[in-house]
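Step one of this worksheet: look at the structure below.
Values in this text are rule-based calculations from the coordinates and carry no lab data. Please read these numbers as outputs of a predicted model, since none were measured by experiment. Backbone-built Cβ (ideal geometry, glycine too); neighbour counts: all protein chains shown.
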């Protein structure tokens, strides 16, 4: 009946990358349709598939889901990556909120001018190392467990690993000074589904390049003049 | 055991307002601490109660919760305003996230420079009437029920009414083409 989830987005990271990570971590296979032309996008719009006229959109279990957060919450719950009760879910939501904010600084990085990119790189590293990484370092240190919440692998762990790797792409030694996070990174990366996702040939997307930026601008007719936040 | 939830924020709407709405809708009494000085804020940071050094902060059921989305999800779950199953929760999440995008525009509005205010107001109006309100008008029309999801009052309804009133404050006649929403 339901088949594999199908992801509608550009052939690049953007807001869909966290969805790819989570499905991969859950061991769920998925299909992708890449938006390359304005016509494809307009066809989706006219077909009424995009509730708020935006992508990401994921067809899953008979629903055409939009809004990244909603999609991720659904997948997390469906695949038991959302804690065992309301309080664990609250912790996961808090932690994911933080990593989401951090990755938000990186999301529009490819769209910035060269000059703004340098400034933003410094902002990303500063926020990561003075606000976000210390918070998660403390969580892990305080409970001494392998995973962020409830001694059990969850969405929060996947999201944090994704964020760590993205920050390291901007500054390779960003984790120096965070021994717990270094160990966490090694541990989570070696989980079989994650390990597979990190290998070449997976559906993980590379760092966004000019071609990606150009495609997004062409399809959405937006983001021509993006300023850093 | 834990007493009433306690909200720490500035004395104003901002990001805390949806939390006030949701607690009130659930019939839950709560206390508020208003941040008025830099010193108060610095003390909170020093005491280590703000996980990411940010407010809103809500102390509830022994937790010091930050991240508005997390706080709202917890309250909705606790007070049965989150649907009856995973699919209803998915719908509620989608609707709430969309409304939040609209509310974000209104949230930022007071901070826009004077010369940009009119343009931003036009953007709010455009998005409300072309993107967001039509969706909820259609949802209500199609199932003909009183509430957005599952024929039952939920977080999505609270969030929508908050947004409608907030937009109406800026654009009084905004609901003129949305009969279903007027009934709400």
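Of A:219, A:158, A:55, the residue with the greatest mean-square motion in the GNM of chain A, using alpha carbon springs below 10 Å, is A:219. If you plug the beta carbon distance of residue A:37 and residue B:4 into 1/(1 + (r/R0)^6) with R0 = 56 Å, you get a FRET efficiency near 0.55.
Sketch the reach of a paramagnetic label on residue A:28 as a point 7 Å from Cα along Cα-to-Cβ, and name the residues of region A:159-201 whose backbone nitrogen lies under 15 Å away. Within reach of a label on residue A:28: A:159. Of all DSSP beta bridges confined to region B:1-155, the antiparallel ones make up roughly 65%. For the protein assembly as shown, give me the percentage of DSSP beta bridges that are antiparallel, rounded to the nearest 5 percent. Taking every DSSP beta bridge with both residues in the protein assembly as shown, the antiparallel ones total about 65 percent. Rounded to two decimals, the Cα-based Rg/Rh of region A:118-229, with Kirkwood Rh, is 1.03.
Dividing the summed helix terms, -39500 (n - 2.57) for each DSSP H run of n ≥ 4, by the number of residues in chain B produces a 222 nm estimate of -16500 deg cm²/dmol to the nearest 500. Helical runs (DSSP H, four residues minimum) scored at -39500 (n - 2.57) apiece and divided by the length of chain A put the mean residue ellipticity at 222 nm at -16500 deg cm²/dmol.
Spin-label model, residue A:116/residue B:183: points 7 Å from Cα along the beta carbon direction are separated by 4.5 nm. If both residues of a DSSP beta bridge must be in region B:6-79, then about 65% of such bridges are antiparallel.
Protection proxy ranking, highest mean first, for peptides B:19-31, B:150-162: B:150-162, B:19-31, where packing is the per-residue count of other beta-carbon atoms within 10 Å, averaged. The distance from the alpha carbon centre of region B:154-184 to that of region A:5-46 is 32 Å, rounded to a whole number. Rounded, prolate or oblate: which fits chain B when a ≥ b ≥ c are the square roots of the eigenvalues of the alpha-carbon gyration tensor, with rounded for a/c under 1.5 and prolate only if a/b beats b/c? Since a/c reaches 1.5 but b/c is at least a/b, the shape of chain B is classed as oblate. Between residue B:11 and residue A:209, the FRET efficiency estimated from the beta carbon spacing at R0 = 51 angstrom works out to 0.65. Projecting the alpha carbon convex hull of region B:6-79 along each direction and taking the average yields 4.6 nm².
Note on residue B:49 and residue B:118: the extension gain reaches 21.0 nm, defined as 0.36 nm multiplied by sequence separation minus the Cα-Cα distance.
Shape analysis of region B:86-169 places it in the prolate category; the axes a ≥ b ≥ c from the Cα gyration tensor give an a/c of at least 1.5, with a/b above b/c. Neighbour counts of C-beta atoms inside 10 Å place A:204, A:20, B:89 in the sequence A:204, A:20, B:89, starting with the fewest. On full extension, the segment bounded by residue A:186 and residue A:220 gains 8.5 nm, given 0.36 nm per residue less the C-alpha separation.
Pull out a ≥ b ≥ c, the square roots of the eigenvalues of the alpha-carbon gyration tensor of the protein assembly as shown, then state rounded if a/c is under 1.5, prolate if not and a/b is larger than b/c, and oblate in the remaining case. Here the protein assembly as shown falls in the rounded category. With each pseudo-label sitting 7 Å past Cα toward Cβ, what's the residue B:61-residue B:29 distance in nm, one decimal? Modelled inter-label distance: 2.1 nm. Principal axis extents of the Cα atoms in chain A, from largest to smallest and rounded to whole angstrom, are 52, 50, 32. Between residue A:199 and residue B:176, take the C-beta separation as r, use R0 = 45 Å, and let me know the FRET efficiency to the nearest 0.05. Once rounded, the FRET efficiency stands at 0.20.
Computed from label points 7 Å out along Cα-Cβ, the spacing between residue A:169 and residue B:36 is 4.8 nm. Shielding value for B:67-76 is 5, the average number of Cβ atoms from other chains within 10 Å of each residue's Cβ.
Among B:70-77, B:98-105, B:116-123, sorting by the average number of other beta carbon atoms lying within 10 angstrom of each residue, highest first, gives B:70-77, B:98-105, B:116-123.
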